[in-house]
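Inspection log for the structure reproduced underneath, given as structure tokens.
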Amino acid sequence: MPLLKGRNIVEDAWTLLADNLELPEAGFVIVSLDRFIRDRDLLVACSGPIGVRLSSAQSPELIADALEVFSLIELEFPAFTDGRPYSYAQLLHRLGFAGEIRAVGNVLRDQYLNLKRCGFDALEIKEGETAEEWCIATGAFSAPYQVAYDTEKPIMSLREKRLAAAS
Amino acid sequence: MYRYDEFDRKFVNERVAEFRGQVARRMSGELSEEEFRPLRLMNGLYLQLHAYMLRVAIPYGTFSAEQMRKLAQIARTYDRGYGHFTTRQNIQFNWPKLEDVPNLLAELADVEMHAIQTSGNCIRNVTADPYAGAIVDEVDDSRIWAEIVRQWSTLHPEFTFLGRKFKIAVSASDYDRAVVRFHDIGLFIKKNDAGETGFEVWIGGGLGRTPMIGKISNEFVPAEDLLSYLEAVLRVYNMNGRRDNKYKARIKILVHETGLDELRAQIDAEWAAIKDSALKVPEYEIERIRVYFAPPPFETLNAVDRGFETKKFENPEFSRWVNGNVVAHKQVGYAIVNISLKTDDLPPGDITADQMDNLADLAENYSFDEIRATHEQNLVFAHVKQSELFELWRELGEIGLAMPNIGKVTDMIVCPGLDYCGLANTRSIPVAQRISKRYADLDQQFDLGELKLKISGCINACGHHHVGHIGLLGVDRRGEEFYQITLGGSGAEDAAIGSIIGPAFSSSDIVDAVEELINFYVEIRNQGERFLDTYRRVGAAPFKSRLYPEKLDAAA
């Protein structure tokens, strides 16, 4: 599936590995949490990069002691109304995860701004969709009201700046 | 009151433009109804029994004459000449057409209003004490903090698709005029011994199918840490609240199932990690907002106005209205005036476009251009000179809004019920109207004193029946409307959830049953006792045997 990163559709080097398939030495595979728990030692020893996919019922707390193992964490939206992964992304950043965070599953393009603001780096979109369509949402607001993971200056600090400029 | 600066204005206009695009995508079929539903709900647009309904936010219930006039115009243009005030300080309009809603929102934006987060599984309109800034018992103006919470929660990227709706209320008083303890988060502003401002935080309150009184999760969150604490609570809730059953998805169930101590530990751990961050509320922002809520330019007046005292003496009707609807103000010579929307002519909380226009004029003339909406579906003029109360009363009377029944048996909270609502099992409004007729005698109402009667047309409890001194819940019995009675509830500082007294009554019997309960109270009350006090003193059993005498016979 096409992968949207920032404002561009990019090549996806990763594949999702079914639980019954063998681990390729080159890595670039995404495993389930079950697989990680089962084959943890094997995965840690793998020389190539490893990713994990968490369902919306699986908190990143479950892998908090193994974040350095992963170069990619996929957070799955079973329905666009299930907002747990937004908090998971924030939590992952807070726990110091430095790899890529991806959204997969059912997301509306109106939610792209929220995803970016919560620190998602990439998003799987459907065949035929364009980056332009998705990026309408990210341009909808000039400034947000609150701080989030992104570096957008919230309205509060814009006010402070204006205040400082005036004095 | 708060006024938009260029940032607020731009934000709300951008939200209108975004929604306009979403509506266009729905109209073109690009969005399915299923996909559009959460988007429209986040902007207060419901699909009801007969048509769309738009709920407009009145943040913490404070609005101006100009805004009221705009609401009147919207009522005329898009509704059928009415507005309906809700229990969360919002106003609803029925019948708008989907294609008109973007323009309607643009008109609201012109007067600094919006419908953002008046519905949906997100942080809803923040409510506050309707007497804020006017009442003597407050330690601060709760609207300052409600505005800070409003801004933080507006289109919050992380908390827009929660497991369920999330309601926050703010009070700065020991008296609870905002049902704070029945909110997902209730905030009581406190001063500590050092004179610093902070918040006593209650979590997990709520009505609905599983009514619960909130519990204190933190006794004093320092003011500057308010947003980080709220964010910690919301994050823990968003990650751990149940998603398998929408009736068990509110934070109250998480509190109940996790246990307060464990949940508090989780919240505190999250809070500790994010407290020292950009979430700290800067002093300049608190002060910037505080300025908007500075007291209006009050005159220095005498405590006793002779003209006012004389009018009360001369005119018993005026005197009764003063006794019923007027509350002492913290500024000498001023008063807080409650305007009842429980009149004979309209459903509870409803108001005509003409009344709105008239009230706008009166607010400008008598109350520093400020109006408040209350959770009890009434309005308040917060700052009226005692010396002008008589004139105001006379003018309110001319537009049918001088009903002196605040807090009395006919001042009912009533949900729209099956007359409008797609969720309801029974009608609520006709029952309320029959009770109003039964107790039309004002002398009798005053004799009964404070009696909070609340009616919900279904188990979702929008009519707050759980916290009525007398609560009525409509239930469907094989296509027939029945009403179950609960007694002993309170949404105030003596918070309690009512108990079901016995089998439900048919629609034709329910008003008699209510009257029987009230008659019994009158027979056994002690001097000065409210219905609720008597009920608490004697318990449910005597009320029960009075209401169901045949059961007693059978047992004997």
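Worth pointing out:
- Scanning the range A:132-167 for residues being part of a loop (DSSP other than H, G, I, E, B), of a type in the set (Ser, Thr, Tyr) and under 15 Å from B:GLU14 (Cβ atoms) gives a total of 2.
- Any hit, the range B:514-531, residues being at positive phi and of a type outside the set (A, V, I, L, M, F, W, C): yes
- Flag for B:ALA303 being in a helix (DSSP H, G or I) and of a type in the set (A, V, I, L, M): no
- Any hit, the range A:122-136, residues being at the interface with another protein chain (Cβ under 10 Å from one of its Cβ atoms), closer than 30 Å to B:GLU33 by Cα and open to solvent by less than 30 Å² (accessible area, probe 1.4 Å): no
- Pairs linking a residue in the range A:71-99 that is farther than 23 Å from B:MET42 by Cβ to a residue that is of a type in the set (Lys, Arg) and in a helix (DSSP H, G or I), with Cβ atoms under 9 Å and 6 or more positions apart or on different chains, are A:LEU91/B:ARG235.
- Where a residue in the range B:56-71 is open to solvent by 10 Å² or more (accessible area, probe 1.4 Å) and its partner, wherever it lies, is of a type in the set (Gly, Ala, Ser) and not in a helix (DSSP H, G or I), with Cβ under 7 Å and at least six apart: B:TYR60/B:ALA128
- One residue from B:LYS275, B:LYS252 being more than 19 Å from B:LYS165 (Cβ to Cβ), surrounded by 13 or more Cβ atoms within 10 Å (Cβ to Cβ) and touching a residue at least 12 places away in the same chain (Cβ under 8 Å): B:LYS275
- In this entry, B:ALA109 passes the filter for residues that are in contact with a Lys or Arg (Cβ under 9 Å, 6 or more places away or on another chain), farther than 25 Å from B:TYR229 by Cβ and touching a residue at least 60 places away in the same chain (Cβ under 8 Å).
- Qualifying positions in the range B:247-279 - in a loop (DSSP other than H, G, I, E, B) and facing chain A (nearest Cβ under 10 Å): B:SER277, B:ALA278, B:LEU279
- Of all residues in the range B:189-210, those satisfying the criterion of being assigned to a strand (DSSP E or B) and among the hydrophobic types (A, V, I, L, M, F, W, C) are B:ILE189, B:PHE199, B:VAL201, B:TRP202, B:ILE203.
- Here the range A:137-167 is the region considered, the condition is being free of Cβ contacts under 8 Å to residues at least 12 places away in the same chain and under 25 Å from the mean Cα position of the chain (by Cα), and the residue that is surrounded by the fewest Cβ atoms within 10 Å (Cβ to Cβ) is A:THR151.
- Condition met for A:ALA103 (more than 8 Å from chain B (Cβ to nearest Cβ), of a type in the set (A, V, I, L, M) and open to solvent by less than 10 Å² (accessible area, probe 1.4 Å)): yes
- Residues (of a type in the set (D, E, K, R) and within 23 Å of the chain's Cα centre (by Cα)) located in the range B:249-265: B:ARG250, B:LYS252
- The residues of the range B:23-36 that are touching a helix residue (DSSP H, G or I) at 6+ places or on another chain (Cβ under 7 Å) and more than 17 Å from B:PHE161 (Cα to Cα), listed by number, are B:VAL23, B:ARG26, B:MET27, B:LEU31.
- The numbered conditions (1) of a type outside the set (D, E, K, R); (2) over 30 Å from B:ASP354 (Cβ atoms); (3) part of a strand (DSSP E or B) are all true for B:MET53 except (2).
- Restricting the range B:463-486 to residues that are among the hydrophobic types (A, V, I, L, M, F, W, C) and surrounded by fewer than 24 Cβ atoms within 10 Å (Cβ to Cβ), the residue that is farthest from the chain's Cα centre (by Cα): B:PHE482
- Residues in the range B:1-35 that are under 23 Å from B:GLU285 (Cα atoms) and open to solvent by 50 Å² or more (accessible area, probe 1.4 Å): B:ARG3, B:GLU6, B:ARG9, B:LYS10, B:ASN13.
- Residue among B:LEU401, B:LEU423, B:LEU451 that is at pLDDT below 95 and either more than 23 Å from B:GLN89 (Cα to Cα) or in a loop (DSSP other than H, G, I, E, B) (or both): B:LEU423
- Exclusive hit being over 30 Å from B:ASP174 (Cα atoms) and polar (S, T, N, Q), set B:GLN527, B:GLN484: B:GLN484
- B:TRP145 vs. criteria under 30 Å from B:HIS329 (Cα atoms) and in a helix (DSSP H, G or I): yes
- Given (1) open to solvent by less than 30 Å² (accessible area, probe 1.4 Å); (2) under 26 Å from B:LYS437 (Cβ atoms), number of the condition B:TYR420 does not satisfy: (1)
- Matching residues, the range A:138-153, being at the interface with chain B (Cβ under 8 Å from one of its Cβ atoms) and in contact with a Phe, Trp or Tyr (Cβ under 8 Å, 6 or more places away or on another chain): A:PHE141, A:SER142, A:ALA143, A:TYR145, A:GLN146
- B:ILE336 vs. criteria open to solvent by less than 40 Å² (accessible area, probe 1.4 Å) and within 14 Å of chain A (Cβ to nearest Cβ): no
- Subset of the range B:76-132 [within 14 Å of chain A (Cβ to nearest Cβ) and assigned to a strand (DSSP E or B)]: B:HIS114, B:ILE123
- Looking only at the range A:1-41, and only at residues there that are assigned to a helix (DSSP H, G or I) and open to solvent by 30 Å² or more (accessible area, probe 1.4 Å), the one that is nearest to A:GLU129 (Cα to Cα): A:ASP34
- Meets criteria (acidic (Asp, Glu) and free of Cβ contacts under 8 Å to residues at least 60 places away in the same chain) for B:ASP443: yes
- Filtered residues of the range B:162-171 (kept if open to solvent by less than 10 Å² (accessible area, probe 1.4 Å) and more than 17 Å from B:LEU227 (Cα to Cα)): B:LEU162
- Of all residues in the range B:302-327 being touching a strand residue (DSSP E or B) at 6+ places or on another chain (Cβ under 7 Å) and of a type in the set (A, V, I, L, M, F, W, C), the one that is nearest to B:ALA134 (Cα to Cα): B:VAL327
- Any hit, the range B:356-363, residues being touching a residue at least 24 places away in the same chain (Cβ under 8 Å), open to solvent by less than 10 Å² (accessible area, probe 1.4 Å) and touching a Leu at 6+ places or on another chain (Cβ under 6 Å): yes
The values are calculated or read from the model by the stated rules, or taken from the named source; none is laboratory data. For clarity, every value in this text was computed on a predicted model and none was experimentally measured. With ideal geometry, Cβ positions are generated from the backbone for all residues, glycine too; neighbour counts draw on all protein chains shown. Note: accessible area is taken over every heavy atom of the protein model, side chains too, but ligands, DNA and RNA are not part of it. Shrake-Rupley method; radii C 1.70, N 1.55, O 1.52, S 1.80 Å.
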